[in-house]
C-alpha cells in the first residue's frame, strides 16, 4: 500500500476516488458482458462457415476427381479486391466482410476441359468463404484482446483499487478520530488546570 497523508484533504481525495471506481466498475462489467456475447456469436459463425467451407471443398475435390483431368484451378482464380467495413462493438472497431472482387483471368477454351467454368465459380465461392473465415478469425482476435484487457481492469478495480481505497479511508478516519479525541482530552485537561488555578 502506498504511503498516504493522514489529513482531511486526503480523506476527501480518497472518497472521491472510491466514488469514481464504483461508478466506473459497472461500465466495465457491462462491456465485458457485451464482448463475451459478441465472442460467442463470432465463434458460432466461425464454426458454421468452417463446416460450409469444408463441405464445399470436399464436394469440389470429389467432383473434379470424377473427370480425372488435372487442372490447376488456383491459377485461374485471383482476388483483386476485398471490401470490408468497420463495425463498433463495445467500443472497439472490428472489420466486417462485405464482398470480394476477382480478376478476369483468361484461359484457352480449347485446351481446358468443359467443366472448368463451373469449377472456377466453385473456387471463387471457396475463396470468398476463406476470406470471411480470415476476417472472422481477426475479429475474434481483436475482441479476445479487448476482453482480456477489460477483465484485467475489472480485476484491478475489484481486487486492488477499491479495497486499497477503502482501507486508506478507514486508516485516515481512525487517525482523524484519534486526533479529535486527543484534542478534546487536551481541552478538558487545560480547562481543569484553569479551574484549579482559579480555585487556588
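The values are calculated or read from the model by the stated rules, or taken from the named source; none is laboratory data. Keep in mind the model is a prediction, meaning the values are calculated, not measured. Positions of Cβ are generated from backbone atoms using ideal geometry, with glycine treated the same way; all protein chains shown enter the neighbour counts.
A few comments on the model shown:
- Conditions (1) at pLDDT below 85; (2) loosely packed, with under 11 Cβ neighbours inside 10 Å; (3) under 15 Å from residue 124 (Cα atoms); number of the one not met by residue 81: (1)
- In segment 41-52 there is no residue that is modelled with pLDDT under 85 and over 30 Å from residue 160 (Cα atoms).
- Cβ-Cβ contacts under 7 Å between residues 6 or more apart (or on different chains), taken from a first residue in segment 160-176 that is in contact (Cβ under 8 Å) with a residue 12 or more places away in the chain to a second residue that is surrounded by fewer than 17 Cβ atoms within 10 Å (Cβ to Cβ) and outside any helix (DSSP H, G or I), are listed as 164/1; 167/1; 172/6; 175/6.
- One residue stands out among those in segment 98-123 that are part of a loop (DSSP other than H, G, I, E, B) and closer than 30 Å to residue 136 by Cα: the one that is modelled with the highest pLDDT, which is 103.
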